[in-house]
1. Looking at (1) closer than 15 Å to Tyr29 by Cα; (2) assigned to a strand (DSSP E or B), which is the one condition that is false for Glu94?
2. Among the residues of region 51-59, is any small (Gly, Ala, Ser) and either in contact (Cβ under 8 Å) with a residue 40 or more places away in the chain or part of a strand (DSSP E or B) (or both)?
3. Just one of (1) in contact (Cβ under 8 Å) with a residue 24 or more places away in the chain; (2) of a type in the set (Gly, Ala, Ser); (3) surrounded by 17 or more Cβ atoms within 10 Å (Cβ to Cβ); (4) within 20 Å of Met1 (Cβ to Cβ) trips up Ala34, so point out which.
4. Filter region 1-50 down to the residues that are polar (S, T, N, Q), out of contact with any Gly (no Cβ under 8 Å at 6 or more places or on another chain) and either in a helix (DSSP H, G or I) or more than 19 Å from Gln104 (Cβ to Cβ) (or both) and list them by number.
5. Report, by residue number, each residue of region 86-106 that is of a type outside the set (D, E, K, R) and either touching a residue at least 24 places away in the same chain (Cβ under 8 Å) or within 14 Å of Trp18 (Cα to Cα) (or both).
6. What is the residue count in region 1-21 for residues that are surrounded by fewer than 15 Cβ atoms within 10 Å (Cβ to Cβ) and acidic (Asp, Glu)?
7. For region 35-42, indicate whether the set of residues that are within 21 Å of His74 (Cβ to Cβ), among the polar types (S, T, N, Q) and out of contact with any helix residue (DSSP H, G or I) (no Cβ under 8 Å at 6 or more places or on another chain) is non-empty.
8. Give the residues of region 64-83 that are assigned to a strand (DSSP E or B) and surrounded by fewer than 13 Cβ atoms within 10 Å (Cβ to Cβ), sorted by residue number.
Amino acid sequence: MDTSKLTNPIVKQAFDAWQKGDSKTFLSYFTADAKLYDDGNARDFSKFVKDACGHERFTSIDKVENNGLNITGHFHTESWGDFTTYFKFHINAEGKIDRLDIGQAN
């Protein structure tokens, strides 16, 4: 997949780790107390990564916005099939991701 649209280096590295199913590397870009919101609802971030990383992935990147922090594209899951989704990364002053918003895109 072409990831040249990903302009934020932290997001790109985290995204690449997600796509490879490398949860250890993916988590290394996040704060220890990172928050996850799925369609606006708080979820357990660690459980999400454990359950989804390596089983869910983007199949295309359709749109990148907000200085490279927001990614929208087609997404594949073993449980729910294929749909369009978004990942919105929030990076703190120390350069770590402290929040990830995910959900089905309209």
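1. The failed condition is (2).
2. Among the residues of region 51-59, not one is small (Gly, Ala, Ser) and either in contact (Cβ under 8 Å) with a residue 40 or more places away in the chain or part of a strand (DSSP E or B) (or both), which makes the answer no.
3. Unmet condition: (4).
4. Selection gives Thr3, Ser4, Gln13, Gln19, Thr25, Ser28, Thr31, Ser46.
5. Once the filter is applied, which keeps residues that are of a type outside the set (D, E, K, R) and either touching a residue at least 24 places away in the same chain (Cβ under 8 Å) or within 14 Å of Trp18 (Cα to Cα) (or both), region 86-106 yields Tyr86, Phe87, Phe89, Ile91, Asn92, Gly95, Ile97, Leu100, Ile102, Gly103, Gln104, Ala105.
6. 1
7. no
8. Hits for region 64-83 are Glu65, Gly81, Asp82, Phe83.
Every number here is computed from the coordinates shown, using simple stated rules; none is lab data. Just so we're clear, the structure is a prediction, and the values are computed from it rather than from any experiment. When we count neighbours, we look across all protein chains shown, and the Cβ atoms used for this are built from the backbone with ideal geometry, even at glycine.
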